[in-house]
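Step one of this worksheet: look at the structure below.
The values are calculated or read from the model by the stated rules, or taken from the named source; none is laboratory data. Because the structure is predicted, anything quoted here is derived from the model rather than measured. Neighbour counts are summed over all protein chains in view; Cβ atoms, including those assigned to glycine, are modelled from backbone coordinates with ideal geometry.
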Amino acid sequence: MVRNIKLNDGKSIPAVAWGNGTGGLSAAGKKAVDTGALALREGIRHIDTAQSYRTEEETGLAIKAAGADRKAVWVTTKPPTTPEGIKSSVTDSISRLGFIPDLLLIHSPFVPAQGKIAVFWQILESLVEDGTLKGASLGVSNFRPQDLEEVLKVAKIKPAVNQLEYHPYVLNHLDPVLAIQAKHGIVSESYGPLTPLLRHPTGGPLKPVLQRIAERLSKDTGKPVDDATVLLLWTVQKGVVAVTTSGNPDNIKKLVEVDSLPDLTDAELKEIEEAGRKIHFRHYKEHMTKDFPEPDLPQDV
């Protein structure tokens, strides 16, 4: 079973995505092809790439190498360009991939010049309408409240997703973003969903909670479940797409297993969120903290 999340344009997106470009795979050539094919053979059905990762061509080749049905694999990409160059940039992405992506995102609100986000969005809409991006969903990435509002003022096609750093330690900061998204049916995509475990110096207040839940799941399912898998399961149960990456075959298998594990209990979901909201810890600051102040909370307790 593949967990899916319904988008506001009627499509369903696989809730677990493998990133082809981060984690040492950027411009990795054959490695990006081979690892992508491995992920697909293991059961991954959503690949996240971008022009800046330089793995669009490798993503298309990975689908072929895996013998996967293109229609069964959701592919997301992101063009980093100006409104003036967006049309050629999109056609370049399509050429490298070998097909129209399922989802195309504005990589950050600072890709267009200041005040040009709305124009950029309208050009993307025109590419859907003229068939260049026929059937594609449109979305954004690293958008703050003010960026979402700028697009929504002009949007004929609402953003389907906002891809941003999402995990329990940034929930207090993201509350204003998530409120706007809930109003308009915009789904969150989480990059760095494992940041509390991989980047926080101690793991923070979440660590013992996740370990205890992992022990419970391991006992109930009869197979080992680790704290990272619990955190990914929490993410998708929140209705958020989890985007993470690894070139390690064992880690890829664990990623796929998220689809088949039983749900966390309501009490466990609440406990994870409450532990996360005790602190604020963000890895990616470049765009999400400019004119969007972080909460006055400790980084650990």
Handout entry: Meets criteria (assigned to a strand (DSSP E or B), free of Cβ contacts under 8 Å to residues at least 60 places away in the same chain and buried (at least 18 other Cβ atoms within 10 Å of the Cβ)) for Val90
Key = no
Exercise for the section: Name, by its number, the condition in (1) part of a loop (DSSP other than H, G, I, E, B); (2) more than 16 Å from Leu261 (Cβ to Cβ); (3) among the β-branched types (Val, Ile, Thr) that does not hold for Val209. Expected result: (1)
Exercise for the section: Name every residue in the range 35-72 that is under 21 Å from Ser141 (Cα atoms), surrounded by fewer than 24 Cβ atoms within 10 Å (Cβ to Cβ) and touching a helix residue (DSSP H, G or I) at 6+ places or on another chain (Cβ under 7 Å), in order of residue number. Expected result: Arg45, Gln51
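What are the residues in the range 159-196 that are hydroxyl-bearing (Ser, Thr, Tyr) and either over 16 Å from Ile279 (Cα atoms) or touching a strand residue (DSSP E or B) at 6+ places or on another chain (Cβ under 9 Å) (or both), if any?
Tyr166, Ser188, Ser190, Tyr191, Thr195
This table checks each residue for (1) basic (Lys, Arg); (2) surrounded by 14 or more Cβ atoms within 10 Å (Cβ to Cβ); (3) over 29 Å from Leu7 (Cα atoms).
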{"site": "Gly185", "(1), (2), (3)": "no, no, no"}
{"site": "Ala228", "(1), (2), (3)": "no, yes, no"}
{"site": "Pro249", "(1), (2), (3)": "no, no, yes"}
{"site": "Arg282", "(1), (2), (3)": "yes, yes, no"}
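Considering only the range 189-213, how many residues are small (Gly, Ala, Ser), surrounded by fewer than 22 Cβ atoms within 10 Å (Cβ to Cβ) and in contact with a Phe, Trp or Tyr (Cβ under 9 Å, 6 or more places away or on another chain)?
Let us first name the residues in the range 189-213 that are small (Gly, Ala, Ser), namely 190, 192, 203-204.
From what is left, the residues that are surrounded by fewer than 22 Cβ atoms within 10 Å (Cβ to Cβ) are 192, 203.
Next, from what is left, pick out any that are in contact with a Phe, Trp or Tyr (Cβ under 9 Å, 6 or more places away or on another chain): 192.
Qualifying residue count for the region: 1.
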Problem - Any chance Glu294 is under 30 Å from Phe110 (Cβ atoms), among the charged types (D, E, K, R) and touching a residue at least 60 places away in the same chain (Cβ under 8 Å) - result: yes
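Search the range 23-34 for residues being over 16 Å from Leu97 (Cα atoms) and surrounded by fewer than 18 Cβ atoms within 10 Å (Cβ to Cβ), and hand back the single one that is modelled with the highest pLDDT.
Lys31
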Handout entry: Selection status of Lys78, surrounded by 15 or more Cβ atoms within 10 Å (Cβ to Cβ), farther than 21 Å from Lys253 by Cβ and touching a strand residue (DSSP E or B) at 6+ places or on another chain (Cβ under 9 Å)
Key = yes
Handout entry: Looking only at the range 265-283, and only at residues there that are part of a loop (DSSP other than H, G, I, E, B) and in contact with a Leu (Cβ under 8 Å, 6 or more places away or on another chain), the one that is nearest to Pro109 (Cα to Cα)
Key = His280
Practice task
Scan the range 152-172 for residues that are in contact with a Pro (Cβ under 6 Å, 6 or more places away or on another chain) and surrounded by 21 or more Cβ atoms within 10 Å (Cβ to Cβ) and jot them down.
Solution key: His167, Tyr169
Practice task
Could you look through the range 112-147, keep only residues that are charged (D, E, K, R) and without any contact (Cβ under 8 Å) to a residue 60 or more places away in the chain, and pick out the one that is surrounded by the most Cβ atoms within 10 Å (Cβ to Cβ)?
Solution key: Asp147
Problem - Ala179 vs. criteria farther than 22 Å from His46 by Cα, within 19 Å of the chain's Cα centre (by Cα) and without any contact (Cβ under 8 Å) to a residue 60 or more places away in the chain - result: yes
Practice task
Quickly run through the range 231-263 and pick out the residues that are under 24 Å from Gly185 (Cβ atoms) and assigned to a loop (DSSP other than H, G, I, E, B).
Solution key: Lys238, Gly239, Val240, Val258, Asp259, Asp263
Exercise for the section: Might you check whether a residue that is part of a loop (DSSP other than H, G, I, E, B) and under 23 Å from the mean Cα position of the chain (by Cα) occurs anywhere in the range 112-129? Expected result: yes
Fill in the blank from the handout: Pairing a residue in the range 25-45 that is under 12 Å from Thr55 (Cα atoms) with any residue that is assigned to a helix (DSSP H, G or I) and at pLDDT below 90, where Cβ atoms lie under 9 Å and the two sit 6 or more apart in sequence or on different chains, gives Leu25/Lys31; Leu25/Ala32; Leu25/Tyr53; Ser26/Ala32; Ser26/Ser52; Ser26/Tyr53; Ala27/Tyr53; Ala32/Tyr53
